[in-house]
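A short worksheet on the structure shown next.
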Amino acid sequence: MSRKGEEAPEFRVDPITLGSKDCQQNAIVVGDKTYVIGRTDDDSKSSFGIKILDKLTQTWIVPTVLGAQPPSKSHSAILINEEKILVVEKGVSLNDSIWFLEIDTPFVKQQRKIKGLEVVSWSKGVLGVAQKPVVISGPSGVGKGTLIAKLMKEYPSKFGFSVSHTTRSPRVKEIDGVHYHFAGRSKMEQDISEGEFLEFAHVHGNLYGTSIEAVESVTDEGKRCILDIDVQGARSVRASSLEAIFIFVCPPSFEELEKRLRARGTETEEQIQKRLRNARAELDQSNSPGLFDHLLVNDNLEACYENLKKMLSLDDDHKDSDGCFIEDGKATACYSILSKTESEVFLQSETGEVVKGAASLLAVDLSSLTGGAPGRTRGLKIHSINSIDNDLKGIR
Ligand SMILES: Nc1ncnc2c1ncn2[C@@H]1O[C@H](COP(=O)(O)OP(=O)(O)OP(=O)(O)O)[C@@H](O)[C@H]1O
Ligand SMILES: Nc1nc2c(ncn2[C@@H]2O[C@H](COP(=O)(O)O)[C@@H](O)[C@H]2O)c(=O)[nH]1
């Protein structure tokens with residue numbers, strides 16, 4: 001491993017220690033702003049305090065902080081890029097030690113716009129690689145639910161369904177928490193405004209949305225997440241940090257779509273008319289540049305299902321060829337940030353606190369990170385580096 005000749009990255013980290021040693025703060029300079037990240041011990045409750053100094057106006061801003069925060073022990077921090085700051089917690093397991101403070105990711109930009117306030121968001125680094133979620137869209141009645149049900153039946157341990165929230169009334173046989181989370185509009189709107197949703201849309205006169213939890217709970221089970229959402233929702237997910245595969249299901253003809261919708265018998269005539277009107281608009285958008293990766297015609301159900309399976313098995317982006325990374329990070333770790341290159345951040349164990357057998361120097365691979373839903377950064381790979389002297393020579 002040679003890091004000689006790599007350009008020095010452009011960042012500055014000014015660790016400041018204020019007051020007691022329990023009140024450590026890091027100042028990270030990003031353009032005209034300085035982010036001060038630190039533990040505060042207000043009211044005997046320890047938490048992560050974040051303040052932003054706007055150097056142009058010389059004013060302090062206290063941002064709205066979204067997401068579950070790190071355990072608030074001692075930490076070190078470094079700017080990864082203009083979107084994220086890496087924060088490494090000490091004295092917790094490696095699994096719980098890697099965090100990202102999102103300062104200008106698409107999710108943060110979106111939340112800033114919705115709230116009209118300065119926003120930052122915590123995202124936990126998750127070791128290991130998850131397969132990309134699959135977003136399935138298409139007009140009402142085309143057969144999305146039927147195809148997804150077949151997939152879940154054939155591969156119950158491989159796929160998990162993202163259970164959406166909706167304000168529409170349950171149909172006969174629909175179970176709350178299984179088919180949808182049936183929600184009141186005001187509660188759902190409040191949860192959306194608090195940043196709990198990956199996407200939401202007004203569809204056929206009701207509010208529908210995918211909570212971050214709906215996607216992450218499936219991924220946390222080690223399953224590939226399937227989302228059944230409309231085209232507006234697909235567009236929002238495309239713009240989010242979640243990397244997914246996007247499939248649009250088309251009917252063989254408009255007449256056949258109408259026939260299926262009527263035969264299902266779950267909507268009133270007025271609702272059918274509304275869904276058919278919206279179907280035309282959705283079909284028009286199926287060719288939007290860069291939106292869908294695959295178009296799937298659902299004519300014969302069995303043939304369509306076989307094609308869907310082919311599409312999914314083609315995605316082998318996430319097969320790990322490199323087995324040389326730490327997957328099991330349960331032991332207590334005490335690492336601080338040592339240095340950074342374009343593609344890696346180096347962590348050094350703190351003398352005297354390293355657990356027996358643990359590596360003295362670790363490399364966090366920045367190139368393997370994949371966007372999880374907001375709140376998680378997946379694809380974290382951490383290599384241990386045994387030959388400290390040789391490696392330090394290369395990175396200093
Ligand atoms: N290839 C097919 N040929 C004939 N009928 C089909 C086919 N695929 C699905 N159907 C039927 O069409 C109806 C609508 O299917 P489904 O409920 O899966 O649609 P959907 O796209 O999930 O609709 P929505 O978006 O409204 O939830 C169902 O009665 C289903 O059994
Ligand atoms: N944007 C979102 N669209 C969703 C979500 N869950 C479902 N849907 C879409 O709504 C229509 C109608 O569904 P129905 O169950 O009332 O027939 C359909 O196109 C779904 O794909 C969601 O979370 N977000």
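Which value in nm describes the separation of the simple spin-label points at residue 187 and residue 277, placed 7 Å from the Cα toward the beta carbon?
3.1
What percentages, rounded to whole numbers, describe P(r) for the stretch 129-209 computed over all alpha carbon pairs with 10 Å bin width beginning at zero?
15, 45, 33, 7
In what sequence do 57, 370, 341 fall when counting other Cβ within 10 Å, fewest first?
Ordered from fewest to most neighbouring Cβ atoms within 10 Å, 57, 370, 341 come out as 57, 341, 370.
Give me the net charge of residue 58's neighbourhood, meaning all other residues with Cβ under 15 Å from the Cβ of residue 58; Lys, Arg count +1, Asp, Glu -1.
It works out to a net charge of +1.
If Rh is defined by the Kirkwood formula over all Cα pairs and Rg also comes from Cα, what ratio Rg/Rh do you get for the stretch 69-153?
Using only Cα positions, Rg/Rh for the stretch 69-153 is 1.16.
Count the net charge of all other residues whose Cβ sits under 10 Å from the Cβ of residue 138, scoring Lys and Arg as +1 and Asp and Glu as -1.
-2
No value in this document is a laboratory result; all are computed from the given coordinates. Since we're looking at a predicted model, the values are computed, not measured. Glycine gets a Cβ as well: all are built from the backbone with ideal geometry, and neighbour counts include every protein chain shown.
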